Amino acid sequence: MLITNGQGKVKLNNGYEIPYLGLGVFKMNNGSEVLDSVKFALDSGYRHIDTAALYGNEIGVGKAIRQSGIKREEIFITSKVWNSEQGYERTLMAFEKSMEKVELDYLDLYLVHWPVKVKYKETWKALEYLYNKGKAKSIGVSNFMKHHLEDLESDANILPMINQMEFHPYLIQQDLLDYCNSKRIQYQAWSPLMQGAILSDKTLIEIAKKYGKTVAQIILRWDLQKGVVTIPKSSNKNRIIENINIFDFELTENDISHIDRLDKNQRIGADPNNFNF
């Protein structure tokens, strides 16, 4: 991954490009919170917004994009089909509901939110249909472990372009990351800052002091240098700016190794292997 600036991109396995830094809007309210956050992020240079049907704010995201004055093709928009809407026909209907809410002609990325047993293969067939029709410029999955990906691949006509996973220094899952890289499935981090729970880590604080950066900036830079697309959530203007100001320094290989060694296989979200679907 060539890391340049806040609008830098990485090419997916279908040739489509995704900005490697974005704004997550997990459960921001559909009113002023998501509207103001997205507009401010776009004003600050972000060109990648990640939402989902579950978040309940697709309307606000779409409204913010339209009000931004930025050309639609310059902004990368992701949404996801929720578990209760999975299956072939229901996924197609869920996609149309999402499109009605965001009021856009297409999505840049549409994801299977979780690997719902029995259903995720049919859900993926629906995503393949949407991709072939050009309604979603790229398609992928979220929270898929290696065995889910292998199972999906056994019947899929198209490999996922993205696997969006919980990813931070306490949960690296290097084997899964390596597997996705071997298949040219772009790894993407949700909850890269562990909802703030990791910001008091002493090792990260020491590394942050060395670079004159915040712990959050160190983690996000580490994500990118690991080749992982990242979408930190924030509705705080100062933090939105802070999160994009990570392009004036580079972590050494030694510091990356120090951060890698923090891995505890510790989750803040649900375990994809033991999720109550």
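Please report, ordered by residue number, the helices (runs of 4 or more DSSP H) entirely within the range 178-277 with at least 1 residues that are farther than 25 Å from residue 8 by Cα.
On the way: elements: 202-211, 215-225, 237-244, 253-260.
It comes to 202-211, 253-260.
Output the number of residues of the range 191-216 satisfying the condition of being surrounded by fewer than 20 Cβ atoms within 10 Å (Cβ to Cβ) and not charged (D, E, K, R).
11
So which residues in the range 31-54 are among the charged types (D, E, K, R) and either without any contact (Cβ under 8 Å) to a residue 40 or more places away in the chain or closer than 13 Å to residue 77 by Cβ (or both)?
Looking only at the range 31-54, we keep the residues that are among the charged types (D, E, K, R), and these are 33, 36, 39, 43, 47, 50.
Within the range 31-54, 39, 43, 47, 50 meet the criteria.
Determine whether residue 161 is modelled with pLDDT of 95 or more and surrounded by 20 or more Cβ atoms within 10 Å (Cβ to Cβ).
Numbers: modelled with pLDDT of 95 or more: yes; surrounded by 20 or more Cβ atoms within 10 Å (Cβ to Cβ): yes.
So residue 161 passes the test.
Would you tally the residues in the range 1-22 being among the acidic types (Asp, Glu) and crowded, with 18+ Cβ neighbours inside 10 Å? Show your work before the answer.
Taking the range 1-22 first, the residues among the acidic types (Asp, Glu) are 17.
Filter again for crowded, with 18+ Cβ neighbours inside 10 Å, leaving none.
Residues meeting the conditions: 0.
Give 42, 107, 92 a once-over and let me know the one that is among the hydrophobic types (A, V, I, L, M, F, W, C) and open to solvent by 10 Å² or more (accessible area, probe 1.4 Å). So that I can check it myself, show each step before the final result.
Values: 42 fails: open to solvent by 10 Å² or more (accessible area, probe 1.4 Å); 107 fails: open to solvent by 10 Å² or more (accessible area, probe 1.4 Å).
On inspection, the qualifying residue turns out to be 92.
Go through (1) out of contact with any helix residue (DSSP H, G or I) (no Cβ under 8 Å at 6 or more places or on another chain); (2) β-branched (Val, Ile, Thr); (3) open to solvent by 30 Å² or more (accessible area, probe 1.4 Å) and name the single condition residue 70 misses.
(1)
Output the number of residues of the range 115-157 satisfying the condition of being part of a loop (DSSP other than H, G, I, E, B) and either free of Cβ contacts under 8 Å to residues at least 12 places away in the same chain or surrounded by 23 or more Cβ atoms within 10 Å (Cβ to Cβ) (or both). Even if it seems obvious, please write down each step before you answer.
Let us first name the residues in the range 115-157 that are part of a loop (DSSP other than H, G, I, E, B), namely 115-119, 133-135, 137-138, 143-145, 154-157.
With either free of Cβ contacts under 8 Å to residues at least 12 places away in the same chain or surrounded by 23 or more Cβ atoms within 10 Å (Cβ to Cβ) (or both) added as a condition, the list becomes 115, 118, 133, 138, 144, 154.
Of the residues in the range 115-157, 6 are part of a loop (DSSP other than H, G, I, E, B) and either free of Cβ contacts under 8 Å to residues at least 12 places away in the same chain or surrounded by 23 or more Cβ atoms within 10 Å (Cβ to Cβ) (or both).
Kindly establish whether residue 209 is over 16 Å from residue 224 (Cα atoms) and free of Cβ contacts under 8 Å to residues at least 12 places away in the same chain.
On the way: over 16 Å from residue 224 (Cα atoms): yes; free of Cβ contacts under 8 Å to residues at least 12 places away in the same chain: yes.
Yes.
The values are calculated or read from the model by the stated rules, or taken from the named source; none is laboratory data. Since this is a predicted model, take the numbers as computed values, not measurements. Ideal geometry is used to build each Cβ from the backbone, glycine not excepted, and the neighbour counts take in all protein chains shown. Heavy atoms of the whole protein, side chains included, go into the accessibility calculation; ligands, DNA and RNA do not. Shrake-Rupley method; radii C 1.70, N 1.55, O 1.52, S 1.80 Å.
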